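Shown next, in structure tokens, is the structure this report addresses.
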Amino acid sequence: MSEELLNRAFFSNPIPLFVTRLSDGCFLDANPAFCRFTGYGREELIGRSSLELGLWHENTRSRQWLTDTLRDNGSLRGFDARIAVRGGQVRECLFSLELITYAGEAAVLGTFQDITARIRAQAELRKERDFIAAVLDTVDTLVLVLDADGRIVRFNRACEALTGYSFEELRGRYIWDVLLLPEEQAEVKAQFSRLTAGDFPRDFENHWVTRDGDRRLIAWSNTALLTDDGAIEYVVPTGVDITERKKTEARLLSLANYDPLTGLPNRNLFQECLHHALGQARRGGQSLALMFLDLDDFKVVNDTLGHAAGDAMLREAAERLKNCVRDTDTVARLGGDEFTLILEGLRRPEDIVGVAQQILGQLSQPFDVRGHEIYSAGSIGITVFPADGNDMETLLKNADAAMYRAKSHGGGTYEFFTPDLNRRAAERLMLERALRRGIAAGELPVHYQPQMDLRGGRVVGVEALVRWAHPEKGLVLPGEFIPHAERTGLIFALGEQVLRNACSQCQRWRRQGLNELQLAVNVSARQFQRRDFADLVRRVLTETGLPASNLVIEITESVLLGEIETRVTLMQELKDMGVHLSVDDFGTGYSSLVYLKRFPIDSIKLDRQFVQHVCVDVEDLAICRAVAAMGRSLDIRVVAEGVETWEQLAVLAELGCDAAQGFVFSPPMAADAAGPWLHSGQPVARN
């Protein structure tokens, strides 16, 4: 490029340009833009230095430093300095310097940009930010600034005072990592993810955990700060610590709705609960029971031992009542020694009896009151919606009347308002007492029905079936007493007795040569769900000597539903012992095909309702065929129960069922009759 072009580029450039001698800093040249900016003519500048002219204002870098830097690096960019132009005005400038050769000597080519306005704006912005920060630090409101990812950008002194953390400790950290309860972290993260979807949660509450581990409940209000294109740049939550306010509100609510002595709902809350429960029962077409309970002879305790002893007894009675009902039921104290209970979602009014008996049993246990052993009882009046009343007032009045009738009979009992329910409750109580006595007296023998292998035509097992040899009614079938045993809890004693007797009998048959005979024992859902069920099976097998491989535990499909992992764990524990597992009445429940693969099942029993019409009903035939095919694909044995004809047996064998039981072979037999049959293998003719 020619010298002429360089000169033209230098002098016509709108950007200030200058050339100084490296050795002494004197100007060698300057373009018009530089002269206009500084106010000095070109002739005034040449031969004079910036220091001499006073252009270099409050320089923070020595001239020697500039010279050494340029010699070492050849350039210096982004160097800021202040220039005092003619007239005394000071301008902030950003310089770029380049080491060149000019007229045969070392020189510096320089240019700069006036950044005075930017510096002033930045200063104003800092001042404004400092002012805002000062204001935020003086308010009692919790204020913090988060970026769009949830990192802490600002944290005022109110936040520091509450949490015990300084801003510097938390700067740049995610809010949920340092201040939130673990159980609330997911919710706060979800709120931030909703920001990007435009669903901004303005108001919410959560807890902060202070440095000392204290939990504080904060009510927040969110504000979003947006960029020019509408994206969220910052979130500014402002909050108030409402911990104490909530505690006060809770105390006031408790005083208004709860009995301060027992902690139970008081009359006010009880009426609200009953009103709500009646609405639910009407909409769902369900029954509801209301119990009115009065402690017998409670006044004697107050009069003889004092009110403090009476209060202690009331507190203990309240705890016992709560232990007798479900979480969905309501126990309330109306005042004095009067309590009420609301039992919701009832299917059968008779189910109330079990609760009433349990309550009376609990109250009949001695109370330890201030070193005194006190015996008491309760009188219970019971009304049922809608039979005994359609509104709250009527139900309460009738329950109160029934309670006084119970008290007039000497107390320690219950009375239904409806005479028919009283009769049915009495019958049920008699049945329970008789069943309890029968279990203790050994009146429930085990009968056995053979199971035949359909391929080999031989006996492979027996199913243990309990009967009740009632001293007055004769032989009672399980359908009449098993449901009652399950409702009252007698099923546990009965189930253990059946399991032990059946295992003992099977072991006796093994000693007589039937080594491979498998014993199938039905277990109710309540038995199977007990945590100690596997321990019970292990203990019975040890006591009777029966090998685990000879025992088949039969459960219903309902056991497969709900709490799957718990069921799988229990089943696997039984399998590890060597016990076999079978699903009884298969096809009558729900979701069995979906979940069957998840359980370690050895066999399934095709329900008799499908077997009964397998020869005449195409749908039942299709179901039996599908179950048999499924059993083959899952390597699960299929046993058909309730087989009554040879025609049914032929169809089931053709479908691929593995075994069968039913009257076509033999009805259930007592042990002394079953033994010879099992040894002979001959069917018993159906009566």
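Worth a mention:
- All conditions but one from (1) in a helix (DSSP H, G or I); (2) of a type in the set (Gly, Ala, Ser); (3) touching a residue at least 60 places away in the same chain (Cβ under 8 Å) apply to residue 239; the one that does not is (1).
- Restricting the stretch 427-477 to residues that are more than 45 Å from the chain's Cα centre (by Cα) and basic (Lys, Arg), the residue that is farthest from residue 584 (Cα to Cα) is 473.
- When residues of the stretch 323-338 are limited to those that are closer than 20 Å to residue 375 by Cα and not polar (S, T, N, Q), the one surrounded by the most Cβ atoms within 10 Å (Cβ to Cβ): 337
- Residue pairs whose Cβ atoms lie under 7 Å apart, sitting 6 or more positions apart in sequence or on different chains, and linking a residue in the stretch 631-648 that is under 14 Å from residue 452 (Cα atoms) and open to solvent by 60 Å² or more (accessible area, probe 1.4 Å) to a partner that is assigned to a strand (DSSP E or B) and at pLDDT below 90, do not occur here.
- Residue within the stretch 423-432 that is in contact with a Leu (Cβ under 8 Å, 6 or more places away or on another chain) and modelled with pLDDT under 85 present: yes
- Selection of first residues in the stretch 605-627 that are under 16 Å from residue 644 (Cα atoms) and of second residues that are of a type in the set (Ser, Thr, Tyr) and modelled with pLDDT under 85, restricted to Cβ pairs under 9 Å at least 6 apart or on distinct chains, gives the following pairs, ordered by first then second residue: 607/588; 609/588; 610/588.
- Of all the criteria given as (1) surrounded by fewer than 16 Cβ atoms within 10 Å (Cβ to Cβ); (2) of a type outside the set (Gly, Ala, Ser); (3) free of Cβ contacts under 8 Å to residues at least 24 places away in the same chain, the one not satisfied by residue 80 is (3).
- Criterion: surrounded by fewer than 17 Cβ atoms within 10 Å (Cβ to Cβ) and closer than 21 Å to residue 415 by Cα - qualifying residue of 345, 306: 345
- Selection count, the stretch 58-77, where residues are in a strand (DSSP E or B) and open to solvent by less than 50 Å² (accessible area, probe 1.4 Å): 2
- Subset of the stretch 549-569 (residues that are open to solvent by 20 Å² or more (accessible area, probe 1.4 Å) and assigned to a helix (DSSP H, G or I)): 549, 558, 564, 565, 566, 567, 568, 569
A quick yes/no check of all residues on (1) under 26 Å from residue 574 (Cβ atoms); (2) assigned to a helix (DSSP H, G or I); (3) touching a His at 6+ places or on another chain (Cβ under 9 Å); (4) open to solvent by 30 Å² or more (accessible area, probe 1.4 Å):
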site	(1), (2), (3), (4)
428	no, yes, yes, no
451	yes, no, no, no
480	no, yes, no, yes
484	no, yes, no, no
507	yes, yes, no, no
513	no, no, yes, yes
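- Yes/no for residue 320 being in contact with a Ser or Thr (Cβ under 8 Å, 6 or more places away or on another chain), among the basic types (Lys, Arg) and surrounded by fewer than 22 Cβ atoms within 10 Å (Cβ to Cβ): no
- Neighbours by Cβ (under 6 Å, 6+ apart or cross-chain): first from the stretch 486-504, among the small types (Gly, Ala, Ser); second assigned to a helix (DSSP H, G or I) and at pLDDT 90 or above: 504/544
Every residue, every condition in (1) under 30 Å from residue 203 (Cα atoms); (2) of a type in the set (D, E, K, R); (3) open to solvent by 70 Å² or more (accessible area, probe 1.4 Å); (4) outside any strand (DSSP E or B), yes or no:
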| residue | (1), (2), (3), (4) |
| --- | --- |
| 250 | yes, no, no, yes |
| 262 | no, no, no, yes |
| 270 | no, no, no, yes |
| 276 | yes, no, yes, yes |
| 279 | no, no, no, yes |
| 290 | no, no, no, no |
| 293 | no, no, no, no |
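- Subset of the stretch 206-228 (residues that are at pLDDT below 80 and outside any strand (DSSP E or B)): 227, 228
- Each residue in the stretch 7-25 was checked for being closer than 24 Å to residue 66 by Cβ and surrounded by fewer than 15 Cβ atoms within 10 Å (Cβ to Cβ), and 4 of them qualify.
- Taking the criterion of being out of contact with any Phe, Trp or Tyr (no Cβ under 6 Å at 6 or more places or on another chain), of a type in the set (A, V, I, L, M) and part of a strand (DSSP E or B), the residues of the stretch 465-477 that qualify are 465, 466, 469, 475.
- Any hit, the stretch 390-404, residues being touching a strand residue (DSSP E or B) at 6+ places or on another chain (Cβ under 6 Å), within 27 Å of residue 307 (Cα to Cα), not in a strand (DSSP E or B) and not β-branched (Val, Ile, Thr): yes
- Residue within the stretch 586-595 that is among the aromatic types (Phe, Trp, Tyr), open to solvent by 30 Å² or more (accessible area, probe 1.4 Å), at pLDDT below 85 and in a loop (DSSP other than H, G, I, E, B) present: yes
- Number of positions in the stretch 177-199 that are of a type outside the set (Gly, Ala, Ser) and either touching a helix residue (DSSP H, G or I) at 6+ places or on another chain (Cβ under 7 Å) or at pLDDT 80 or above (or both): 12
- Unmet requirement for residue 367, which otherwise passes all of (1) within 19 Å of residue 267 (Cβ to Cβ); (2) in contact with a strand residue (DSSP E or B) (Cβ under 6 Å, 6 or more places away or on another chain); (3) free of Cβ contacts under 8 Å to residues at least 60 places away in the same chain: (1)
- The one condition in (1) surrounded by 13 or more Cβ atoms within 10 Å (Cβ to Cβ); (2) farther than 30 Å from residue 646 by Cβ; (3) modelled with pLDDT under 85 that residue 575 fails to fulfil: (3)
- Residue-level check: of (1) touching a helix residue (DSSP H, G or I) at 6+ places or on another chain (Cβ under 6 Å); (2) surrounded by 15 or more Cβ atoms within 10 Å (Cβ to Cβ), residue 370 misses just (2).
- Qualifying residue in the stretch 48-70 (condition: aromatic (Phe, Trp, Tyr) and out of contact with any strand residue (DSSP E or B) (no Cβ under 9 Å at 6 or more places or on another chain)): yes
- Filter result for residue 538 (among the charged types (D, E, K, R) and assigned to a helix (DSSP H, G or I)): yes
- Considering the stretch 518-548, and only residues there that are open to solvent by 40 Å² or more (accessible area, probe 1.4 Å) and within 24 Å of residue 487 (Cβ to Cβ), the residue that is farthest from the chain's Cα centre (by Cα) turns out to be 522.
- Residues of the stretch 34-55 satisfying the condition of being at pLDDT below 90 and assigned to a strand (DSSP E or B): 49
The values are calculated or read from the model by the stated rules, or taken from the named source; none is laboratory data. Here the structure is a predicted model, which means the values were calculated and not measured. Here the Cβ is made from the backbone with ideal geometry for all residues, glycine too, and neighbour counts use every protein chain on show. Heavy atoms of the whole protein, side chains included, go into the accessibility calculation; ligands, DNA and RNA do not. Shrake-Rupley method; radii C 1.70, N 1.55, O 1.52, S 1.80 Å.
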